[in-house]
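The values are calculated or read from the model by the stated rules, or taken from the named source; none is laboratory data. Predicted, not measured: the structure shown is a model, and the values here were computed from it. Counting neighbours? That spans all protein chains shown, and the Cβs are built from the backbone with ideal geometry, glycine included.
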Amino acid sequence: MQQFTVFMDIESSRSYIDELYSSDAVKVMEALVTLKNSVIGSNRQKSSVISQGVVPRLLQLMSEESLDPNIRLEATITIGSLAKGTPENIESLIEKGTATALVEMLKTVPLGSKLAEAALCALRSIFSHKPAPVDALPADMRLLTRLTQIAREDSQEARTSVIRVLAVWCSGTVEQEALTCAGACSAAAAMLVVPPRSVPSPSRLVPALELLAAMCFKNPNVAQVALNTRHGDKSIPELLMCLVSRDKPLVVALKAAKCLTFLQRAGALPADDSRIVFGALPCLARLCTKENTEDIRASAAEVLAYLTEVDTSLQRLAAISNHLMSSLADIVNCQSAAAKQGAFKCFASLGANDEDIRKMIIETHGLMVHVVNGLNNPDPCVSLAAVRCLHSLSRSVQQLRTTFQDHAVWKPLMQLLNDSPGPELLNVGSSTLCNLLLEFSPAKEPMLDQGAVEMLCNLTKMSDPALRLNGIWALMNMAFQAEQKVKQRILCCLGTEQMFRLLGDSDTRVIMKMLGLLRNLLSTRQHIDAIMSEYSSQVMQAVIVVLEGSYPAEVKEQALCILGNIGDGEKSKDLIMANEDVLRKLVDYLAHPESKLQEAALFVAGNLVWRGEAGAAARQQRLADLGVLRALKLLRASHHAAHLHDKVKTALAQFNEFT
Amino acid sequence: MKLRKSEMAAIGSGRGTMDSQNQVQSDTVDRLKLLYPNVNEEETPLPRAWSTKDKFSYIGLSQNNLRVHYKGGTQGPGRRPHLPYLHLRLWMYRHGKTHRDAASVRATHPIPAACGLYYFEVRIVSKGRDGYMGIGLSAHGVNMNRLPGWDKHSYGYHGDDGHSFCSSGTGQPYGPTFTTGDVIGCGVNLVDNTCFYTKNGHHLGIAFRGLPPNLYPTVGLQTPGEVVDTNFGQQPFVFDIEDMLKELRARTRVAIDEFPLPDEQGQWQQVLHRMVSTYLVHHGYCSTAQAFSRATGQPIDEDIASIKNRQRVSKLVLAGRVGEAVETTRRLWPGLLERDPDLLFLLKCRQFVEMVNGTDCEASEDGANGVATSVISHTGRPHKRSNGVAADAAEEGGGRDVDMAPAANGDHEDEALPLVKGMPGVTASVAALLPDRFEADASSQRASVERMLAFGRELYAMSQKLSQDLYHKSMLEDAFSLLAYSNPWDSPVGWQLEPVRREAVCDALNSAILESQGMQWSSPVEACVSHARSLLRRMSRAALGACAFADLSALLAR
């Protein structure tokens, strides 16, 4: 039945579609009007017309400058109508070059004409499709200036359309800067004015706010321009401040708060600016409350997360504003992924720095259960946000010991990380893991059983330095005061080859953590001897590599500390004593201008000369021969090393027989 | 209905006094009046300070009863003894340790429901020893030897732990703690009966729901050294309360706009046409009413000739020709004024005012003169005068009797000027006005004044016969007082001379005529407005806070 009617429509439309190609302007006009009337409001007709291949002809009629303006207008309106159809309709329009044709047309059509308005309207419809054909609009200054001129001066309809198009188009630094040069800031500002006593219209304000947000996002230059752009007697932040007030439509307030947020994060407004503290922040906290719709709350939480991401004072303020904690906990309960994601992100931001806020978050009723559920959420965005939240909270020592243990958060986290996670998730997840593996964390043991060591060793092989750092850092935390079998497992799993590779890492932080790992492995006497008995040559080589290489002082300090640890071992001492190279370096470092290296070398020497251990006298003799004693005496005499004098004295006291 | 009519007239003639009051107040802007415009303070006064009576003895007040400090008692556990310094410190340390040391104070008045959204702020001047401070609300009669929130019908937010106490000894985690330098605000939403707090201008969220009516602002202190200052709205607030007010106004407006109506009442077009048509007919806009009824098909319930007659009389009154209006009324609706002496008196009184104004002469004698002039026009508005010499003369005259107070009955017996016979309260100052110094048309002026005085006597005699003595007397006094000034237009009673004052008289007459014809004395649209106004008053009395945000004039202006 359905098919039959479609067939009928096509048959009956044949005649006028043929007329479209006529050379008689009157006939073409009639056909266009018939076509326009047939497609308005009917997606079925739109699909049918497009499938008949009329679009190229319409584009031709629309673009041909020699044609009757009315024909061009009707053709443009028809295209605009088709662009309001299904996503498939829009796709095929884009495929046939409609967006480009419209943009070309906008370069020439007279401003303020019906034709320009119709073209913009069609372009807006096409740009509201995702993905928008942004390439159709080149960052050509003359064109952009023309468009912003339309946005300032043309009819309300045309202005709204062009601003919407530009808001979608503006997606990178190049576009942001180009639009700013073309004067889009002042065009947007002009749209933000709400005349007194009139009801603010979201359809006019929202596109302008979206454009402004898109332009300022992470772009300090543009944000600065926006800050100084005025319309009438008000600057853009002041105009925005009017729009975040409680009597404005929620969506307008939300977008205005978002603009203020982007201005602040791009550095145009300080965090303590009253328009942030008394404008954007309370507005967003209010929009998160239960009275509002889910999508408003979700977006508000997301923007608030961005606003409070780094600044501790804003985090503290948000935490006490309008019961935000319980509002967010309630948003987590919402069904949509966007809502959960927004709330988790917001919790993550709020708990980033302040221990008291973390406590408030944890104490929010039933939140941890939701975080754990969030980790298991099939939507990767939600699980990522939940991991972020967990990461923030894992900075709290107290939580690591209590709540995290109660909820066994490591389980879903390990699962996520083992389940081929995306790079971002891997990064945040491994950072969280780092914290979970701290010495006092009770989660350490069960995580080992879950193959944490293997996973972390794999992380150290990643190409992303941040991941390598997280991996080695987590291993270092894990090795701290760990049992010997754990240490053995780490060494075994990591492998000496990888160890050396990490010591040659491009990122100094990775080298530091690697050496830190070695230090942690080589602590307590039995462990030192046990490990050195197996890995002595590699460890010594590693230390020498660092001491000889061109590393910064703090890296060499770590290496000396490792030596010191080795020197604390009963049998391992001999490994150092047997290595004249190392001993000579020790003398050099005792005289090193860098005081922390002196101190570290002193620590090594002190451990080696310690009396009361087997072979102490022989070691003292050998060290004295190599000039360690002299170096120590010099150190004692030195004024620069006054803070080391106590330690020097202790070390010298060991050399009783020689002094 | 009669009563309502005179009420209307009373509003009309009473407006002058109201205006002058407003003028006095506008000198010192009363921020509270601006915040709570719908509160009638004669019925429900606003809290403007802490009560010196409704407080526990440990509380001390200063700075116009806006600053509260903890002073401890003179007896019992809180008594501050005379002790050497160290012992005193020890006492200070111990004091305030128990709940028995808590002390509260309430504001002078409960929060009127017509505030809609009530708000006050407390600045912590000093947290004293422990900062056990509570800010909130309590009902009349709640024990004051407590912090707000601990007892039934008592609500508080406490500084030491940041908890909220809702009629209970145990608090709920609510907000941050607060201490010296913080400004804590307490807001009561009387539409949905909730309470929220603010800290340094930041909204902390709703603390209490389901509040009972008639709560008092309350603060409680417990340890020595605690001092707080209060802003009941006399100063600008730290928190942007205006933003919330705007929101509530917008919300109330939406609620009104979207209120569902039964179908037969929802036919706005019909209702509005009827309203407009009846309004036009009522006020005698005859041709407009006819045109409108032709366009909308609305029937006119009154005879066209009758409307035209009323229109004619109204025009006369509005032009100030009250005497003619009275005559015409007598002719067209015989017996009407005789049956309604109050109305007649009102008209005559107005006629007297218009005589002073120079717009009315006794109809019978009008023809001779032709030009209507005031008997005291030589002292008329200076800008109307072209003759500089005469202006000087007026000033001279003014210098003579500028000290004359508006005549009060019988107060002037011992003054130099004799009373004018038959018009108590009117002194011979009128005689001083008599233009004997003006040679030109002295005789005709003198005649006018004589006529006016005669009319005044007649009016006085008439007033003696009326029952509502007080009201008429004051109206008459106001009118006669005009004669006490050389330049009545510039005098404190000059408001009577404004043409706008004719409207009330005109309405009263029009209503009486309509009523005598068996029709409504007021038009449906006016009835509707006054109905809405009185509904708002009733809402206010019934503690329905939404009345604060139903802005009638804005709704009507739409």
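Points worth noting:
- Scanning segment B:256-290 for residues that are small (Gly, Ala, Ser), modelled with pLDDT under 85 and at negative phi turns up just one, B:Gly266.
- Qualifying position, being among the polar types (S, T, N, Q) and crowded, with 16+ Cβ neighbours inside 10 Å, among A:Ser47, A:Ser15, A:Ser22, A:Ser66: A:Ser47
- Where a residue in segment B:534-558 is aromatic (Phe, Trp, Tyr) and its partner, wherever it lies, is surrounded by 16 or more Cβ atoms within 10 Å (Cβ to Cβ), with Cβ under 7 Å and at least six apart: B:Phe549/B:Gly116; B:Phe549/B:Leu248; B:Phe549/B:Arg249; B:Phe549/B:Thr252
- Qualifying residue in segment B:196-205 (condition: modelled with pLDDT of 90 or more, within 17 Å of B:Ala107 (Cα to Cα) and either away from chain A (no Cβ under 11 Å) or in contact with a Ser or Thr (Cβ under 9 Å, 6 or more places away or on another chain) (or both)): no
- For segment B:248-305, the set of residues classified as farther than 26 Å from B:Trp521 by Cα and β-branched (Val, Ile, Thr) consists of B:Thr252, B:Val254, B:Ile256, listed by residue number.
- Selected residue (only one of B:Gly175, B:Gly141, B:Gly156 is assigned to a loop (DSSP other than H, G, I, E, B) and either more than 25 Å from B:Tyr36 (Cβ to Cβ) or in contact with a Pro (Cβ under 9 Å, 6 or more places away or on another chain) (or both)): B:Gly175
- Residue, nearest to the other protein chains (Cβ to nearest Cβ), within segment B:234-270, restricted to residues that are of a type in the set (Val, Ile, Thr) and exposed (fewer than 15 other Cβ atoms within 10 Å of the Cβ): B:Val254
- Going through (1) at pLDDT below 85; (2) under 22 Å from B:Asp257 (Cβ atoms) one by one, B:Met519 falls short only on (2).
- Residue within segment B:515-534 that is among the small types (Gly, Ala, Ser), buried (at least 17 other Cβ atoms within 10 Å of the Cβ) and in a helix (DSSP H, G or I) present: no
- Any chance B:Lys465 is among the basic types (Lys, Arg) and surrounded by fewer than 16 Cβ atoms within 10 Å (Cβ to Cβ): yes
- Residue within segment A:306-327 that is crowded, with 24+ Cβ neighbours inside 10 Å and farther than 22 Å from B:Asn200 by Cβ present: no
- Among the residues examined, A:Leu240 qualifies as in contact with a Cys (Cβ under 8 Å, 6 or more places away or on another chain), farther than 21 Å from B:Asn200 by Cβ, away from chain B (no Cβ under 14 Å) and among the hydrophobic types (A, V, I, L, M, F, W, C).
- Meets criteria (in contact (Cβ under 8 Å) with a residue 24 or more places away in the chain and more than 19 Å from A:Lys258 (Cβ to Cβ)) for A:Leu209: no
- Qualifying residue in segment A:311-322 (condition: touching a residue at least 12 places away in the same chain (Cβ under 8 Å), of a type in the set (Ser, Thr, Tyr), in contact with a strand residue (DSSP E or B) (Cβ under 8 Å, 6 or more places away or on another chain) and within 14 Å of another protein chain (Cβ to nearest Cβ)): yes
- When the criteria are applied in full, A:Phe344 fails the requirement of being within 23 Å of A:Val193 (Cα to Cα) and among the aromatic types (Phe, Trp, Tyr).
- Residues being over 14 Å from A:Gln398 (Cα atoms) and among the small types (Gly, Ala, Ser) - total across segment A:423-444: 3
- Looking only at segment A:20-58, and only at residues there that are touching a helix residue (DSSP H, G or I) at 6+ places or on another chain (Cβ under 8 Å) and not in a helix (DSSP H, G or I), the one that is farthest from A:Ser81 (Cα to Cα): A:Ser22
- Scan of segment A:418-439 for residues that are outside any loop (DSSP other than H, G, I, E, B) and without any contact (Cβ under 8 Å) to a residue 40 or more places away in the chain, ordered by number: A:Asn418
- Failed condition for A:Arg401, given (1) modelled with pLDDT of 80 or more; (2) surrounded by fewer than 24 Cβ atoms within 10 Å (Cβ to Cβ): (1)
- Selection count where residues are over 38 Å from the mean Cα position of the chain (by Cα) and either within 13 Å of chain A (Cβ to nearest Cβ) or surrounded by 18 or more Cβ atoms within 10 Å (Cβ to Cβ) (or both), scope segment B:166-186: 8
- Picking from residues in segment A:245-261 that are farther than 23 Å from B:Thr198 by Cα and either more than 14 Å from chain B (Cβ to nearest Cβ) or not in a helix (DSSP H, G or I) (or both), the one that is farthest from the chain's Cα centre (by Cα) is A:Pro249.
- Taken together, the criteria exclude B:Gly141 from residues that are free of Cβ contacts under 8 Å to residues at least 60 places away in the same chain and under 21 Å from B:Phe196 (Cβ atoms).
- Selection from segment A:179-224 of residues that are surrounded by fewer than 21 Cβ atoms within 10 Å (Cβ to Cβ) and within 25 Å of the chain's Cα centre (by Cα): A:Glu210, A:Lys218, A:Pro220, A:Asn221, A:Gln224
- Here A:Phe278 meets the list (1) closer than 24 Å to B:Phe549 by Cβ; (2) aromatic (Phe, Trp, Tyr); (3) more than 13 Å from every other protein chain (Cβ to nearest Cβ) almost entirely, failing just condition (3).
- Those residues of segment A:116-174 which are under 21 Å from A:Ile90 (Cβ atoms) and outside any helix (DSSP H, G or I), in sequence order: A:Ser128, A:His129, A:Lys130, A:Pro131, A:Ala132, A:Pro133, A:Leu137, A:Pro138, A:Cys170, A:Ser171
- Enumerated helices (runs of 4 or more DSSP H) restricted to segment A:570-659, each holding at least 1 residues that are out of contact with any Ser or Thr (no Cβ under 7 Å at 6 or more places or on another chain) and of a type in the set (Val, Ile, Thr): A:572-577, A:580-590, A:595-609, A:628-637, A:645-654
- Within segment B:151-162, considering residues that are touching a strand residue (DSSP E or B) at 6+ places or on another chain (Cβ under 6 Å) and not hydroxyl-bearing (Ser, Thr, Tyr), the one nearest to the other protein chains (Cβ to nearest Cβ): B:His158
- Highlighted here are the helices (runs of 4 or more DSSP H) found entirely within segment A:463-516 that include at least 1 residues which are touching a His at 6+ places or on another chain (Cβ under 7 Å) and surrounded by fewer than 21 Cβ atoms within 10 Å (Cβ to Cβ): A:484-494.
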